[in-house]
Amino acid sequence: STGEWLIEHPSIKKVFFFGHRESGESVARKCVQHMKPFVLEMGGGSTAYVCADADIEQAAAGLAWSSFYSNGHSCVSTERIVVDEKISEKFLARFKEKVANFQREWEDRAKRGVNDLSDTACMNELIEEAKAHGADVFQAGKVSSQEKNAPFTFTIISYAAPSMPVSQKEIFGPAVVVQAVSSLEDTIADVNQNCPSLGVSIWSRNRRQASFLAEKISTGMVWINDSSFGLPHLPWGGSGNTGWGSLFSEFSLQEVTTQKWISVHPARFSRARFWWNPYTPRKEKLMVKIAEHFL
């Protein structure tokens, strides 16, 4: 009700929304009713593509951080990792080690009173759903309590098919899905259609290949050999179902300004402008030449 009141209020000229996609779609419909512009940031997490020539150590370390740095409670944390099947086993083994180390760090922080809790019931439902569809589940710490809001251990759901529900939804918790595929290019098309991401990371030693893949991805942000960070001088935002519009940087200034074009002709020059009527043959020829010059 507060959101509706703000959107309807005549003093509000533009609406910026951060949150879940369903709520964002509701905000968008309301804004359209009142002819108000809006910017949406509806999360979606990040997808990572690990190429066959990637530095496995670097990719495993960077994606362990990106997947769990905020206990998965980040709009742009890595939630899906797509790995070339040629290196999938090596990557997964190293990734599990990195995540287990991070889990121990997280538990040490929790002992000092720093903890970010997850909806345990929701996460357990997600895990059971993944197992029912044939995925493997690795939990980096002790299996979490069933109590609501109990700390939930970092979880890797591996060998999940792209068609599985767990591969196509935003998790927003301490879990990441790992898929082994034979073709990254074909998978990009599938992810673009079924599970758009706010951001995407590409891990490869081949800059040309990474740039080629980046061009095929529908998203607002791409990191090559890094992930999930933002800087004030760079625009922030997704595309399609993850939202639209730019935040941060000079581009965000355009979102909060309205362009106005003002032409002033001194009143003492009172002669008619040449583009006013009457339209004489000579004037028409002149107008055609002007148009040809600018076109």
If I ask for residues that are in a strand (DSSP E or B) and surrounded by fewer than 15 Cβ atoms within 10 Å (Cβ to Cβ), which ones from the stretch 17-47 would you list?
F18
Sole exception among (1) open to solvent by 10 Å² or more (accessible area, probe 1.4 Å); (2) in contact (Cβ under 8 Å) with a residue 60 or more places away in the chain for V50, by number
(1)
Count of the stretch 183-210 residues which are polar (S, T, N, Q), open to solvent by 50 Å² or more (accessible area, probe 1.4 Å) and in a helix (DSSP H, G or I)
3
Going residue by residue through the stretch 81-97, is there one that turns out to be without any contact (Cβ under 8 Å) to a residue 40 or more places away in the chain, closer than 21 Å to V200 by Cα and of a type outside the set (D, E, K, R)?
yes
State yes or no: is A93 part of a helix (DSSP H, G or I), modelled with pLDDT of 85 or more, open to solvent by 10 Å² or more (accessible area, probe 1.4 Å) and among the hydrophobic types (A, V, I, L, M, F, W, C)?
yes
Give me the pairs: first residue in the stretch 147-169 and crowded, with 19+ Cβ neighbours inside 10 Å, second residue at pLDDT below 75 and of a type outside the set (A, V, I, L, M, F, W, C), beta-carbon distance under 6 Å, and six or more apart or on different chains, which are they?
F152/S118; F152/T120; F152/S144; T153/S144; A160/S167
Quick check, is A60 over 15 Å from V181 (Cβ atoms), open to solvent by less than 50 Å² (accessible area, probe 1.4 Å), of a type in the set (G, A, S) and in contact (Cβ under 8 Å) with a residue 12 or more places away in the chain?
yes
Looking only at the stretch 269-280, count every residue that is open to solvent by 100 Å² or more (accessible area, probe 1.4 Å) and not polar (S, T, N, Q) and tell me the total.
5
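Here's the yes/no breakdown for (1) under 26 Å from W244 (Cα atoms); (2) among the β-branched types (V, I, T):
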site: Y49; (1), (2): yes, no
site: I56; (1), (2): no, yes
site: S67; (1), (2): yes, no
site: R104; (1), (2): no, no
Residues of the stretch 211-241 that turn out to be open to solvent by 50 Å² or more (accessible area, probe 1.4 Å), hydrophobic (A, V, I, L, M, F, W, C) and either touching a strand residue (DSSP E or B) at 6+ places or on another chain (Cβ under 8 Å) or part of a loop (DSSP other than H, G, I, E, B) (or both), as a count
5
If D119 passes every condition in (1) acidic (D, E); (2) at pLDDT 80 or above; (3) farther than 17 Å from A160 by Cβ but one, which one does it miss?
(2)
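Let's see how each residue does on (1) aliphatic (A, V, I, L, M); (2) at negative phi:
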residue	(1), (2)
I217	yes, yes
S228	no, no
W236	no, yes
P266	no, yes
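The values are calculated or read from the model by the stated rules, or taken from the named source; none is laboratory data. Note that this is a predicted model, so its numbers are computed, not measured. Every residue, glycine as well, gets a Cβ built from its backbone with ideal geometry; the counts of neighbours run over all protein chains shown. Ligands, DNA and RNA are stripped out before the accessible areas are found, and what is left, the full protein with its side chains, is counted by its heavy atoms. Shrake-Rupley method; radii C 1.70, N 1.55, O 1.52, S 1.80 Å.
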